[in-house]
1. Counting other Cβ atoms within 10 Å of each Cβ, which trypsin sites (Lys or Arg not before Pro) in the range 89-153 have at most 12 and sit in a DSSP loop?
2. What shape does the range 47-153 have by the C-alpha gyration tensor, where a ≥ b ≥ c are the square roots of the eigenvalues, rounded means a/c under 1.5, and otherwise prolate means a/b greater than b/c and oblate the rest?
3. What is the spin-label model distance, in nm, from residue 9 to residue 95 if the labels are put 7 Å beyond Cα along the C-beta direction?
4. Could you work out the pair-distance distribution P(r) of the range 93-184 from its alpha-carbon pairs, with 10 angstrom bin width and percents rounded to whole numbers?
5. So how many Lys-Lys pairs in the range 1-123 land under 19 Å Cα to Cα, not counting same-chain pairs under 8 apart?
6. Name the longest site-free stretch of the chain, where the excluded sites are GluC sites (Glu not before Pro) in a DSSP loop with no more than 14 other beta-carbon atoms within 10 Å.
7. In the Gaussian network model of the chain, springs joining C-alpha atoms below 10 Å, which of 30, 205, 107 carries the largest mean-square fluctuation?
8. Run the quick spin-label model on residue 113 and residue 176: label points 7 Å from Cα toward the beta carbon, then report their separation in nm to one decimal.
Amino acid sequence: MGLVFNPNKSIKIYSNLSSAFRAPNVDDVSKVFDSKAGEAIIIPNANLKPENTINYELGFSAIAITKIKLEGVLFFTDIKNAIVVKESTLNGQDSAFYNGINTKIYSNQNAQQAYIYGYNMQLSIDLWKTVMLYSSLNYTYGRIITNNTETPLDHIPPIFGKSAISFNKNKLNTEISLVYNGWKYLNDFNINGEDNAMYATPKGSPAWYIINMKAQYTLGKKFKTQLQAGIDNITDIQYRVFSSGVSAAGRNIWVGIRIKF
């Protein structure tokens with residue numbers, strides 16, 4: 001259910017209310033997940049119930065002087081029976097021998113409640129007829145509530161965004177962008193979930209930024225052939241995306257050609 005209000009041609013304000021559910025999949029109820037001997041073994045749980053959510057959204061967009069556009073949205077999701085990894089037992093025991101080592105037992109379980117909220121902001125400016133500036137920012141926060149105690153919900157990324165300036169004239173399109181990612185401190189990790197705290201530093205997942213550049217040139221009057229090239233991570237920063245066990249690529253140069261038949 002949604003409502004849209006347009007006070008004039010340049011401003012839009014809207015709100016949405018929706019519900020959803022996610023049924024447990026085959027892995028949730030039957031699979032022994034990736035586990036590590038001596039730390040955790042995640043066993044299946046055939047008694048899982050579906051997650052249910054109510055989602056709230058409030059957003060706006062505004063255009064000023066026909067060259068500046070600002071958009072934003074606030075969101076909140078209330079989750080019932082959220083499926084999370086928690087301590088469990090097997091045959092009445094809280095641990096079992098896994099690969100020859102006594103290991104703590106966990107399983108996917110329905111938490112009493114969880115919530116997620118955050119925002120997204122986007123700004124675009126036509127500096128000249130051929131030059132545009134664009135920037136976006138995203139923030140998300142999530143927590144599990146069990147017996148009036150809050151713990152971090154997993155899969156919640158740190159604050160991240162992108163800023164870019166592009167030049168477009170005739171058949172040439174170019175862009176220089178800055179992609180950035182904030183800190184994800186260890187006390188915001190879900191230790192029992194899939195945030196992969198073992199791959200983080202003692203403080204968590206560090207902030208990082210990279211600079212990319214790309215260009216595209218179109219050949220021919222029918223625009224059927226495009227030459228493309230770019231450089232990713234120009235400054236050759238070593239960084240790791242949150243929850244990943246592998247560092248991202250360093251400086252990367254690529255070229256390509258696209259032909260439409």
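1. On the way: sites: 104, 129, 143; in loops: 129.
Filter output for the range 89-153: 129.
2. On the way: a/c = 4.99, a/b = 2.68, b/c = 1.86.
Because a/c hits 1.5 or more and a/b exceeds b/c, the range 47-153 counts as prolate.
3. 7.2
4. P(r) over the range 93-184, rounded to whole percents: 13, 25, 21, 18, 12, 8, 3, 0.
5. So the count of such lysine pairs works out to 12.
6. Numbers: sites that count: 39, 194.
Longest run free of exposed loop sites: 40-193.
7. Maximum among the listed residues: 30.
8. 5.0
Read-outs: derived from the displayed coordinates by stated rules, not from any lab. Quick caveat: nothing in here was measured; it's all calculated off a predicted structure. All Cβ positions, even for glycine, are placed from backbone atoms using ideal geometry, and neighbour counts span all protein chains on display.
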